[in-house]
Amino acid sequence: MPEGAAPSVGPAEAAPAPPVTRPVDAAGAGPPPMPTPRAIVAIVGAWLVLLAIATAAVLYPLGPLFQRREQHQLLRTFRVDVQQAADAKEGLEGLLNAEKPLAPEVGQSVAILDLGRVRVQQVVIEGVGPDQTRRGPGHVPGTAGLGQPGNSVVVGRRSGWGGPFDGLGSLRAGDEIVTTTVQGQSVYVVRTVEERRLDPEAQYGPSDDDRLTLVTSAGRWPWATDRAIVVEARLEGRPFEPTPQGGRVASADGRRGDTGGWAPLALFGAGFAGAAVAAAVLYRRWRPLTAYLLTTPAVVVMAILTGESVLRLLPAWA
């Protein structure tokens with residue numbers, strides 16, 4: 001080769017071609033593959049299982065905590081009402097300025113119920129809907145006031161939200177039940193404790209004597225509505241003067257759910273579904289830890305709210 005001449009390049013020594021580049025996403029990986037129909041079914045099933053777990057958690061582990069906190073506040077407030085009522089009755093001024101009592105409103109505290117044998121003390125709420133019995137036992141509107149003439153009926157939950165009436169079947173004939181209202185204390189003595197098919201007209205209707213009827217579900221399943229545990233107790237001594245009571249509605253027997261729960265169920269159910277879809281998308285596109293931290297709080301909150309809405313549709317005595 002002549003000096004100073006450029007070396008020739010043969011076909012075998014040709015310069016390599018530049019590498020072919022493919023677009024990648026921001027995370028440095030290609031788009032994730034689409035899930036198969038079987039995977040979609042599995043994912044939907046997993047979210048439904050999570051919703052069922054959240055519903056059960058609201059009813060059982062979390063429910064007693066919520067109910068206990070509510071009862072603590074109700075008990076403290078109602079004791080003040082009892083003391084104020086006692087102070088107002090003392091002296092001539094209290095007698096002259098006494099106001100005519102009104103029928104209790106739904107959701108209002110009406111009495112303190114003390115079941116000695118089973119060591120249960122609960123504030124009784126007016127009304128037997130799910131929103132009332134989740135806070136405490138409910139007094140059936142239209143039945144006699146506690147400590148007053150006639151048949152006073154109280155319905156409580158068997159297992160959910162703390163299950164204040166879970167031990168109702170443990171009462172025995174001769175046991176004492178003490179009720180406290182703004183009129184004073186009354187003592188009832190248990191006569192019968194039976195498991196029977198509930199007949200509201202018979203158990204909730206008027207009676208010839210002055211009695212207290214306690215009712216709860218005979219089954220622990222949330223949807224049980226047929227059979228009940230019914231405790232009948234007779235008032236010892238003279239009853240207090242009767243006060244106005246609301247009218248009794250046939251459907252207000254403690255076995256019904258709240259049909260108004262469908263609206264929040266639709267709202268929170270849509271929120272839960274949206275949170276689930278967003279979580280699934282983020283888990284496919286982001287790092288697992290980042291997606292977990294961002295989506296878990298929203299999913300858990302929406303699952304609990306949805307579960308709580310489901311519970312409003314179930315029988316109020318469960």
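The values are calculated or read from the model by the stated rules, or taken from the named source; none is laboratory data. Please read these numbers as outputs of a predicted model, since none were measured by experiment. Methodologically, a virtual Cβ is constructed for each residue, glycine included, from the backbone with ideal geometry; neighbour enumeration extends over all protein chains shown. Areas reflect the complete protein model, heavy atoms only, side chains present, ligands, DNA and RNA absent. Shrake-Rupley method; radii C 1.70, N 1.55, O 1.52, S 1.80 Å.
Of the residues that make up region 279-297, is at least one modelled with pLDDT of 85 or more, open to solvent by 40 Å² or more (accessible area, probe 1.4 Å) and part of a helix (DSSP H, G or I)? Taking every residue of region 279-297 in turn, at least one turns out to be modelled with pLDDT of 85 or more, open to solvent by 40 Å² or more (accessible area, probe 1.4 Å) and part of a helix (DSSP H, G or I). Given the options L65, L74, name the one that is out of contact with any Cys (no Cβ under 6 Å at 6 or more places or on another chain) and either open to solvent by 80 Å² or more (accessible area, probe 1.4 Å) or among the polar types (S, T, N, Q) (or both). Exactly one residue qualifies, and that residue is L65. Being assigned to a loop (DSSP other than H, G, I, E, B), in contact (Cβ under 8 Å) with a residue 40 or more places away in the chain and polar (S, T, N, Q) is a condition met by at least one residue of region 174-183. Residue-level check: of (1) open to solvent by 10 Å² or more (accessible area, probe 1.4 Å); (2) under 19 Å from A252 (Cβ atoms); (3) not acidic (D, E), G138 misses just (1).
Restricting region 199-244 to residues that are open to solvent by 40 Å² or more (accessible area, probe 1.4 Å), free of Cβ contacts under 8 Å to residues at least 60 places away in the same chain and part of a loop (DSSP other than H, G, I, E, B), the residue that is nearest to F165 (Cα to Cα) is D226.
Could you pull out every one of the strands (runs of 3 or more DSSP E) wholly within region 80-168 that has 3 or more residues that are of a type outside the set (D, E) and more than 18 Å from F240 (Cα to Cα)? I'd like the intermediate steps shown before the answer.
On the way: elements: 109-115, 120-126, 151-155.
Filter on region 80-168 gives 120-126.
Only residues that are open to solvent by 60 Å² or more (accessible area, probe 1.4 Å), free of Cβ contacts under 8 Å to residues at least 60 places away in the same chain and at negative phi were counted across region 106-120, and they come to 2.
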